[in-house]
Every structure is written in structure tokens, then in C-alpha cells.
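The next block holds one structure in the form of C-alpha cells; read it before the comments.
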Amino acid sequence: MTEQLFERPSSVAGSRALPQPSATGGVAHVVLPAYNEEGSLPSLLARLAQTARTERIVAWVIDDGSADRTAEIAAAGEPGLDVRLVSHPRNLGLGQAVQSGIRAVLAAADPDDFVVVMDADDTHDPAMIAEMHRGLDAGSDVVICSRFVEGGDDSTVPPFRRLLSRGAAVTFKRALQVEGVNDFTSGFRAYRVSILARAAKHWGERLVEEQGFACMVELLLKLRHCDPVISEVPLVLQYDRKQGESKLRLKRTMGQYVKLLVRDRLAPAPYRAL
């Protein structure tokens, strides 16, 4: 880990004894990239604590240089939930927050654990962690909460964001042809620790290079070289729960998507099997 980017978690706030593993085992390490989320984080941690009654969960709050009380809320923890804080001294962007979260989890997780990345703005339902867990148990390496399969819904999202998401979905599906994926830009996913470890061993610090929302597509593109089994479950996006303004910038994100497509076309495949 790169110490100047973030501090390794040295203590656990609001820790508890984890329940006994289910027949399939595995802890859900929930990575929450957070930038100025003091309005949403308390509710999300409380909902995660409810889910932790039936799922073994560790919540990793990646405070990306917030100027509000995000880090303080995470450090205070939540009763019934194991909360760990990783802090960036300054804002580095979503991509680096995801990268820091994955690196922190890989340093602490067991091989049969899994990683869930979800938004910290309380628009994703933690109850879906159990459904993603079942998908992994059924043989998937990556499970995506998808707005674009039967049962998915994003009707509470502002029109310009819905347009961007749908345009990106059509473009990436045609251009990239990653089997099993309809929703390339969803920020709510589960990954086997083992597949992330294989990818991290090859790419190291370059596992996530994009700074913005395109990092979620980038991670899928790199994981495809591990020949993963990918499945999707319906996502009902609860955008009406969001506190504050969106951090997505339309023109910047569109530019990142175009740059990512060009880079994917030019970048050579890994020289050895992952």
C-alpha cells in the first residue's frame, strides 16, 4: 500500500463478533467510496447493520478527502456493524477511492470472501448483498446489480443521467462484447476476492487508473482477461434517497468513456494468462 495516499485502518469502530458463516462461507467486504457524504452515510450504515444480521459484513468507508464529517461518522461506527475507515488526505477521485478500497480489502480478506462496491449516497439497497452472494455461490465471479435487465428500474434518476447510462450501455455492449454484461456503468457489484487478487497481481497500481465514473467500466475490462463468469441481478435504484447534488459531470464523464474505449482498442492484452 502507498502510505502517502491513505492510512491503513489500524482500528475498528463499532466492531462486533461476526455471526457464524453460512454453509458457503465468505465475508462481504463492502467498499464505500465517500466524498462529502455526511448526510447519507448514517442511514446507509444503519441499513448495512440490518443486513449484517444475516450476512457477515465488514464495511470499509473510503473517505476521499471529504470537507465535511464523513470521516468522523465512519470513525464513530455503527452498532452491530464492523466499520473500518481508510482516509485520503485530499480528494483523489472515485477511481482512486475504489483502488484504495480494493487494496485495503485484499490485504485483510480471506480467499473465500467477496468484495461489494456500492455508492455511499444511500441509493443502493444493502439487502441486495444477499442476492449477489447467492450469485457468487452459484458460480459467478462477478455479480452486477443491473438497471437494464427485467425487474431493474432507474425511474427516480434525473433524465440526463438516465440518457447517459443508456447511451453508455448500448455503446459498450456493442463495442466491448463482454459476455453477461448489460449494465457496464453500474457502481453496485460483487467480486470474488480471488479474481481481484489475480488482476491486482498483474496490474498492481494500475488496476484502476481512471479517476471518475469510468473506473467501473475500466475494472470490468481488466477483469475480462481473467475469463470471469459474470451475471446480473435486477437493480431498483433508489435515487430519491440521495442527499445533496450529484457528483457526476456529464461532459467530463462522456470524455472519460470515449478515452477508455480508445485506450482499450490500443492497449495490448496481458502477455500471460491471468
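Quick look at the numbers
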{"read-out": "Top of M132, M216, M254 by mean-square fluctuation, Gaussian network on the chain, Cα under 10 Å", "value": "M254"}
{"read-out": "Mean ellipticity per residue at 222 nm, deg cm²/dmol - from DSSP H runs of n ≥ 4 across the chain, formula -39500 (n - 2.57)", "value": "-11000 deg cm²/dmol"}
{"read-out": "Whole-Hz ³J(HN,Hα) from phi, Karplus 6.51 cos²θ - 1.76 cosθ + 1.60, for the range 60-71, glycine and proline x", "value": "10, 8, 9, 7, 8, x, 4, 9, 10, 9, 4, 5"}
{"read-out": "Magnitude of the charge dipole, the chain, Cβ model with Lys/Arg +1 and Asp/Glu -1, debye to 20", "value": "880"}
{"read-out": "Longest DSSP-loop-exposure-free segment, GluC sites (Glu not before Pro), the chain, at most 13 other Cβ within 10 Å", "value": "4-149"}
{"read-out": "Within straight-line cross-link reach of K173, aspartates and glutamates at Cα separation under 18 Å, skipping those fewer than 8 residues along the same chain", "value": "E150, D183, E218, D227, E232, D264"}
{"read-out": "Cα centroid separation - the range 223-239 against the range 159-185, whole Å", "value": "12"}
{"read-out": "Karplus (6.51, -1.76, 1.60) ³J(HN,Hα), θ = phi - 60°, over the range 109-117, in Hz, Gly and Pro reported as x", "value": "7, 8, x, 8, 7, 9, 10, 10, 9"}
{"read-out": "The range 72-81 - phi-based ³J(HN,Hα) in whole Hz, Karplus 6.51/-1.76/1.60, Gly and Pro as x", "value": "4, 5, 5, 5, 6, x, 9, x, x, 9"}
{"read-out": "Residues with amide H under 5 Å from that of I57, placed H, sequence gap 5 or more", "value": "A28"}
{"read-out": "Protection-proxy order for peptides 152-164, 192-204, each taking the mean of Cβ atoms within 10 Å per residue, highest first", "value": "192-204, 152-164"}
{"read-out": "Beta bridges by DSSP in the chain, antiparallel share as percent, to the nearest 5", "value": "30"}
{"read-out": "DSSP H segments from the chain that extend 18 Å or more along their own axis, Cα-based, with Kyte-Doolittle mean of -0.5 or above", "value": "94-108, 159-176, 250-266"}
{"read-out": "For the chain: rounded, prolate or oblate by the Cα gyration tensor [a/c cutoff 1.5]", "value": "rounded"}
{"read-out": "5 angstrom amide H check on V236, placed H, neighbours 5+ away", "value": "D153"}
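Just so you know, all these numbers are worked out from the coordinates, no wet-lab data involved. A quick note: this is a predicted structure, and the numbers were derived from the prediction, not measured. Every residue, glycine as well, gets a Cβ built from its backbone with ideal geometry; the counts of neighbours run over all protein chains shown.
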